[in-house]
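For reference, the structure discussed in these notes is given below.
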Amino acid sequence: MSRYGRLATRLYPLLIDPLIAPLRPRVVRCCHELGAGTVLDIASASGAQCRRLAASGVEAVGVDLSREMVSLARRRGGGATYHCASALALPFPDGRFDASLLILALHEHPEEERAAMLTEAMRVTRPGGWLLIADYVHPARAAFHPVWAAIVLVESIAGKAHRAGFRDFVRGGGLEGLLGRHRLRPARALGPHWGTIGLAIVPKAA
């Protein structure tokens with residue numbers, strides 16, 4: 001079942017897209033540096049990352065479980081293509097993409113679903129390709145961190161399941177903890193955006 005309804009479709013571009021906006025060009029640059037000509041954005045939401053990628057000449061494909069989000073992304077255009085499907089069962093053949101993205105896609109899920117999403121993301125990425133994961137890191141002095149306070153607020157009002165996933169993710173060490181639990185060794189890890197969102201670039205064995 002989709003975690004986003006009509007209200008979230010209206011709020012996401014207002015609350016989340018501006019938060020992630022400075023991260024978008026970093027992801028595009030990484031994809032070009034890695035030579036990724038075909039990129040899948042898993043949980044693509046409003047399509048902001050796909051539009052950036054498509055504008056830079058990358059074949060960008062987005063997938064999201066929410067029909068409302070997919071409709072919004074398609075209305076906004078920009079040269080990418082979108083599919084309504086689950087990240088737990090991606091509708092693509094093995095090795096279809098040079099790189100797969102999980103941008104703030106994992107924290108809202110329970111751990112067993114995170115594992116399945118990582119497995120699927122790796123499956124559709126070609127041997128020698130890349131998995132780019134961006135998600136929350138717990139900042140130092142979090143109690144005095146205004147961006148973190150805004151994130152906690154957004155995650156708290158996103159719904160019971162979403163809120164529970166976020167809290168579990170943070171308690172488990174955030175992005176670093178996730179990588180360790182799933183034995184993912186990044187080739188590169190970029191410093192956290194605003195001290196709250198880290199980006200890890202994980203290679204798939206050739």
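Quick notes on this structure:
- Here is how the number arises for the chain: DSSP H runs of 4 or more residues each give -39500 (n - 2.57), the sum is divided by the residue count, and the result at 222 nm is -12500 deg cm²/dmol.
- Placing +1 on the Cβ of every Lys and Arg and -1 on the Cβ of every Asp and Glu, with nothing else charged, gives region 101-140 a dipole about its Cα centre of roughly 280 debye.
- For the chain, the share of DSSP beta bridges that are antiparallel, to the nearest 5, is 35%.
- Check: region 6-203 dipole with +1 on Lys, Arg Cβ and -1 on Asp, Glu Cβ, in debye: 320 debye
- Cα gyration tensor shape of region 6-203, rounded if a/c is under 1.5, else prolate or oblate by comparing a/b with b/c: rounded
- Exposed loop sites here are trypsin sites (Lys or Arg not before Pro) assigned a DSSP state other than H, G, I, E or B and surrounded by at most 14 other beta carbons within 10 Å; excluding them, the longest clear run of the chain is 1-140.
- Alpha-carbon centroids, region 79-106 and region 131-206: separation in whole Å: 20 Å
- Taking amide H atoms as placed 1.01 Å from N in the peptide plane, the amide H of Asp41 lies under 5 Å from those of Val61, Gly62, Val63, Leu101, each 5 or more residues away in sequence or on another chain.
- Top positive-direction residue, dipole computed over region 146-186 with Cβ charges, set Ala161, Pro146, Gly180: Gly180
- Size of electric dipole in region 63-160: Cβ of Lys, Arg +1 and of Asp, Glu -1, about Cα centre, debye, nearest 20: 360 debye
Coordinate-derived values only; no laboratory data. Computed from a predicted structure; not experimentally measured. Because the Cβ atoms are built from the backbone with ideal geometry, glycine has one as well, and the counts that use them run over all protein chains shown.
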